[in-house]
Amino acid sequence: MSDSLLPTLPGDDVRQIMWRFSDRFDLQMAVQSARGVARGTAARLVADGMRNTHEWSDEKAKLLTAFDESGLTALYMDLDQGGFIDGPKVMAMSLVAFELSWVDAGAATGSLASNLALAPIQAKGTDKQRAFYMEKSLPPQPGEDRIPWRGAFALTEPLPFVGVDTGILNGKVRIIDWPEGGEPLLQVDKRGRFITNMDFANFVTAAVDSDDPRIKGSCMVILENTDPGTFDRGAPTLKLVHQLSSTRDPVFSQQVPASRIIGGYEVVDGVIIPKYNHSEVIASVFHRTRIPVGLMTAAKLLSAIEPVIRYQRSRFHGGESGEGSPRHDLGLQMNEDVTHRLIDVWATGEAAASVGFEASRQADIFDPIEAAKDSICEEQGLTGRRQFMALRKKEPEVIEYLNLLYGDEATRDAARFEELGNDTLVQFALMDARANVMNPAVKLWNTGYGATMMREAVSLMGGYGTTEDCPGFLPQKWMDAQLEATYEGPEAVQRRHLTLGMPSKIFRHEFSLWIQRLEGLADSQTAFAPATLAAAMKLWSWTIDYLQSHSDPSGKKLYHGKRQGVTFPLADSICWLLSARSLLEDGIELKTKGADNPVLANSIDGYASFYADLCHVQIARSAGEVSRICANLVFGFQDSMDDGEAAEFSALRDAVDRSLVGSELAKARAARSLTTIMIPEALDYPV
Ligand SMILES: Cc1cc2nc3c(=O)[nH]c(=O)nc-3n(C[C@H](O)[C@H](O)[C@H](O)COP(=O)(O)OP(=O)(O)OC[C@H]3O[C@@H](n4cnc5c(N)ncnc54)[C@H](O)[C@@H]3O)c2cc1C
């Protein structure tokens, strides 16, 4: 294996290939717009010390204007609503969140929060609600003189109410007037905690529960700042993170017409039945909005590479040893450990970005399929359990479709493949099974493990890493990562989702086909370590089968929703596999397509071999984690193990260990690249 001669840090050409948006000019434009805001307005605010207060200010409000003027506010809107991106927008939001967080994640949160407020309306609102609030939120067009509306999303409540557990709503709604044949008037009382955008929100989408026998269940309702009653923005949250966004604890007590119930309602026997309860609305929103949060932490890890290399290299400049001496030219990089640790940070960031963007692309494909499924189910009157059963019946066809999808294209039954490809319910069941694992995995692993690795990046900057003026704002990014791991559902929530998603028959079948694909790549793409990943995935599969079919000595089932000591570590372990797999696929894509790119033609070998090494490093790390977790789970809950089962497990684990041959050599090669790679003289944003 030759040295991985990485010429420069990867630029847009490399990223567009890896994250598959070379042919999406609209997305490339969104990236440029977000980059301009990040490295301009946002970076200046941080450099000017605006993060040192949690108070909202006129200075910080410049970000909102920058979002409007750069097109980022309109990003979330459809073409007919004044937006510029046709179709689903998760990939666009992820790219924008990535670019903004490269400099400051608070700026990204501010940009995403308005979308979060609009998301319930966009996903589940009536046509009228959608048209009205989208139009109000659109920035003024040329010749128009108006201030766009901003929104806030209010689910979380003061202690002891809604947090991780979204079922215990204290916010209430009741009917205060219902004129004969007219629209009921509602009284809404809601207190919020940690609500983003509250300093300037014109409207709030709030989750409330019925406090009236004439309203069934819970719902989400839209409140405006001019509605009668109290719209108190509340006290600012004394936050230590994401200070470029606005967060407060508001209090609402307002009267609004029932037409503000998101999605509308019907009246049955004198009772208002909201079309969607608050859980249904939240589920449809978070399904997508959590992915960009995962990309925020990924961006920070990758943004750390350049400032750390620069710091390491220049550490002894000006000392007695002159230019040309290793001490002068390599600086801290004379020490093996600092480059090896930086490779770990880099590999984590790459894997996080790869899995996050893969989930984003999948979400965009899923969006129209989900809408088509909803129409079919509505037409056929399939709701609740009947819908669940109808989808369940499709399972054999999904499995058949997957076998054709991963089978030999030349010999597969093309007509049947097309037929199943056009079957909405088959496609929905497949995409749903994928999303139920991929999306929580992105939020959980990228932010949680990402925060741990941000600390590693900070540690490489020495004392600088604990100061406000650390290049690349690394300590701020480390602290911010903890919020990304917390809001929009902390890690426990994602682990609970994974607990439900991982055993899916459809997901498990596709997982087995991924293993086959990786084994098939073992000879042609050896440098990317597909065999190691396949071995770790086999061990994981054996482990979940074991946990699902065995009990502990007291007879209690091992794999059970209430048994978080089993399911949560297993949830963590699958994230390692998914992120490593996404990186491997992106690395191979770069190697394959990069040669055709005129800009990369001369340097693709260097990039391809470096990414292969990086991938090898990440897969080896992931395999180690998975091995450790699986062994703990399989052996740790038993008094003694059946010899046959213990031997089966050990053989699989041994295969993982043996497949690690060469992984540290790959790390050493990649680390050497860090000592030769060319980096710019200075960061392209202020410090
Ligand atoms: C800066 C900021 C901005 C925010 N913006 C918004 C916003 O715009 N809108 C909004 O509605 N909310 C917002 N939030 C709230 C955020 O989403 C919540 O803080 C988050 O969902 C966690 O709720 P909690 O803080 O009440 O934690 P808790 O519910 O008290 O949970 C604390 C911890 O307990 C553990 N835990 C809890 N339940 C379980 C369980 N069932 N199983 C295992 N472990 C468990 C977990 O470790 C968890 O992290 C924001 C928060 C912050 C800090």
- Regarding segment 498-566, what is the average projected area of its C-alpha convex hull, in nm²? 5.3
- segment 12-137, accessible area per residue, ligands and nucleic acids excluded (1.4 Å, Å²): 36
- Set Lys373/Lys393; Lys443/Lys538; Lys538/Lys562; Lys393/Lys505, cut-off 20 Å on Cα-Cα distance; pairs above it are Lys443/Lys538; Lys538/Lys562
- Query: Loop-only check: which GluC sites (Glu not before Pro) in segment 353-460 are DSSP coil with at most 11 other Cβ within 10 angstrom?
  - Reply: Glu409
- So which trypsin sites (Lys or Arg not before Pro) in segment 538-568 are both in a DSSP loop and have at most 12 other Cβ atoms within 10 Å of their Cβ? Lys556, Lys562
- Note on the structure: With T = 4 °C, eta = 1.567 mPa s and Kirkwood Rh from C-alpha pairs, the Stokes-Einstein D of segment 599-687 in µm²/s is about 79
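So how many Å³ per residue does the convex hull of the Cα atoms of segment 151-277 work out to?
Working: hull volume 12.7 nm³, N = 127.
Normalising the Cα hull of segment 151-277 by residue number yields 100 Å³.
Could you give the semi-axes, largest first, of the ellipsoid that matches segment 12-137, computed as the square roots of 5 times the alpha carbon gyration tensor eigenvalues and rounded to whole Å? Can you show the working numbers first?
Numbers: eigenvalues 116, 88, 24 Å².
Taking √(5λ) for each Cα gyration eigenvalue gives 24, 21, 11 Å.
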- Message: 5 Å is the cut-off here: which amide hydrogens, built 1.01 Å from N in the peptide plane, fall below it relative to Ala154, excluding neighbours closer than 5 in sequence?
- Response: Thr205, Ala206, Ala207
- Over what distance in Å are the Cα centres of segment 60-133 and segment 613-635 separated? 37
- Item | Whole-Hz ³J(HN,Hα) from phi, Karplus 6.51 cos²θ - 1.76 cosθ + 1.60, for segment 378-385, glycine and proline x | 5, 4, 8, x, 8, 10, x, 5
- Rounded to the nearest 5, the percent of DSSP beta bridges in segment 151-277 running antiparallel is 80
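Probe of 1.4 angstrom, ligands and nucleic acids ignored: what's the accessible area per residue over segment 224-368, in square angstrom?
Values: 5110 Å² over 145 residues.
Roughly 35 Å² per residue, with all protein chains present.
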- Determine the distance separating the Cα centre of segment 1-51 from the Cα centre of segment 368-405; give it in Å without decimals. 38
- Message: Students often get this wrong, so check it: of Lys89/Lys128; Lys172/Lys216; Lys124/Lys275, which have C-alpha atoms separated by over 19 Å?
- Response: Lys89/Lys128
- Message: Ignoring solvent entirely, what values of log10 I(q)/I(0) come out of the Debye formula for the chain at 0.05, 0.08, 0.11 Å⁻¹ when each Cα is a single scatterer?
- Response: -0.25, -0.64, -1.21
- Task: Taking a cut-off of 17 Å between Cα atoms, list the aspartates and glutamates near Lys239, but don't count ones fewer than 8 places away on the same chain.
- Result: Glu55, Asp104, Glu157, Asp199, Asp249, Glu468, Asp480, Glu484, Glu488
- Message: Quick check on the chain: helices-only [θ] at 222 nm, where DSSP H runs of length 4 and up contribute -39,500 (n - 2.57) each and the sum goes over total residues. Nearest 500, please.
- Response: -18500 deg cm²/dmol
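Could you work out the mean projected area of the convex hull around the alpha carbons of segment 76-202, in square nanometres to one decimal? Working shown, then result.
Values: hull surface 43.7 nm².
Result: a mean projected hull area of 10.9 nm².
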- Query: Given a 1.4 Å probe and every protein chain left where it sits, what share in percent of the accessible area of segment 12-137 is carbon and sulfur?
  - Reply: 51
- What is the ratio of the Cα radius of gyration of segment 429-569 to 2.2 N^0.38 Å, where N is its residue count, to two decimals? 1.32
- Here, trypsin sites (Lys or Arg not before Pro) of segment 67-158 satisfying both criteria (DSSP loop; at most 13 other Cβ within 10 Å) are Arg146
- Message: Please list, in order along segment 470-486, the HN-Hα scalar couplings obtained from phi with the Karplus expression 6.51 cos²θ - 1.76 cosθ + 1.60 (θ = phi - 60°), rounded to whole Hz, x for Gly and Pro.
- Response: 5, x, x, 6, 5, x, 4, 5, 4, 4, 4, 4, 5, 5, 4, 6, 9
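The values are calculated or read from the model by the stated rules, or taken from the named source; none is laboratory data. Just so we're clear, the structure is a prediction, and the values are computed from it rather than from any experiment. No Cβ is skipped: glycine too gets one built from the backbone with ideal geometry, and neighbour counts run over all protein chains shown. When the accessible area is computed, the model is the full protein with side chains, heavy atoms only, and any ligands, DNA or RNA have been set aside. Shrake-Rupley method; radii C 1.70, N 1.55, O 1.52, S 1.80 Å.
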